[in-house]
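Quick notes on the structure that follows.
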Amino acid sequence: MNAEQVVRRGVLAIAFAGLLAGGAYAQSPDPSSQQQDIKDDKKDIRNDKKDLAKDRAEGDADQRDINKDKHDLAADRKDRNQDQRDINHDRRDLNKDRADRNKDQRDINKDKSQLASDVKKYGANSSQAQADRKDLHAERVDRNKDQKDINHDRKDLAKDRADRNADQRDINMDKRDLHADRKERNQDQKDIHKDKKDLHKDRKDLRHDRRGH
């Protein structure tokens, strides 16, 4: 091997070593860029944790609202059912008092006919006529009392119907609130699931950046 060949081989070896060194340098990450990536990853993780905590708090609040809506709904249904029972009771009372009033009115009509007959037969001041007037007065008192009961029953019925309708409106509102709160709770659950995925991804990115590849 002559001197020229030795020199040529030495130059090639030096050039090859330079290429290897250049490739290694090109592949090695920039320290400043790596540190910035790690810093950004840590910031993303902190934001993910904040979002997760916020969505969990909102989810818990929505669940409390749902529980309250359920309690309100059950209470309003109980009130509505009680009002309906009161309405049914008022109707029975009203029907009974109307029947009593009608019977008293028939008794009054009968007493009037009897009075007229006894006056004609025995005279206006006869004992029979006086007894008829007494019976007629008693029947009128009963009839008037039954009419007062009817008026009272009507007021009770109107009030209980108004209460029942108000309770039904409350029930409808409770149902709408419950539906809205459940919708918000479900959205919060979706947000929590997304936050967990983001947090997992950002932690993975941080581990990747710390390894430098």
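Tabulated values for the structure
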read-out: Among (1) of a type outside the set (D, E, K, R); (2) in contact (Cβ under 8 Å) with a residue 40 or more places away in the chain; (3) surrounded by fewer than 17 Cβ atoms within 10 Å (Cβ to Cβ), the one test that LEU94 misses; value: (3)
read-out: Every pair of residues 6+ apart whose Cβ atoms lie under 6 Å, when the first sits in the stretch 108-123 and is under 15 Å from ARG140 (Cα atoms) while the second is loosely packed, with under 12 Cβ neighbours inside 10 Å; value: none
read-out: Options ALA138, ALA99; residue that is among the hydrophobic types (A, V, I, L, M, F, W, C) and under 26 Å from ASP83 (Cβ atoms); value: ALA99
read-out: Subset of the stretch 38-61 (residues that are of a type in the set (Gly, Ala, Ser) and more than 12 Å from LYS196 (Cα to Cα)); value: ALA57, GLY59, ALA61
read-out: Within the stretch 97-130, considering residues that are of a type in the set (A, V, I, L, M, F, W, C), surrounded by 14 or more Cβ atoms within 10 Å (Cβ to Cβ) and over 60 Å from the mean Cα position of the chain (by Cα), the one farthest from ASP153 (Cα to Cα); value: VAL119
read-out: Single residue of ASP65, ASP86 found to be within 26 Å of ALA166 (Cα to Cα), under 16 Å from the mean Cα position of the chain (by Cα) and acidic (Asp, Glu); value: ASP65
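FYI, it's all coordinate maths here, none of it is from the lab. Note that this is a predicted model, so its numbers are computed, not measured. Methodologically, a virtual Cβ is constructed for each residue, glycine included, from the backbone with ideal geometry; neighbour enumeration extends over all protein chains shown.
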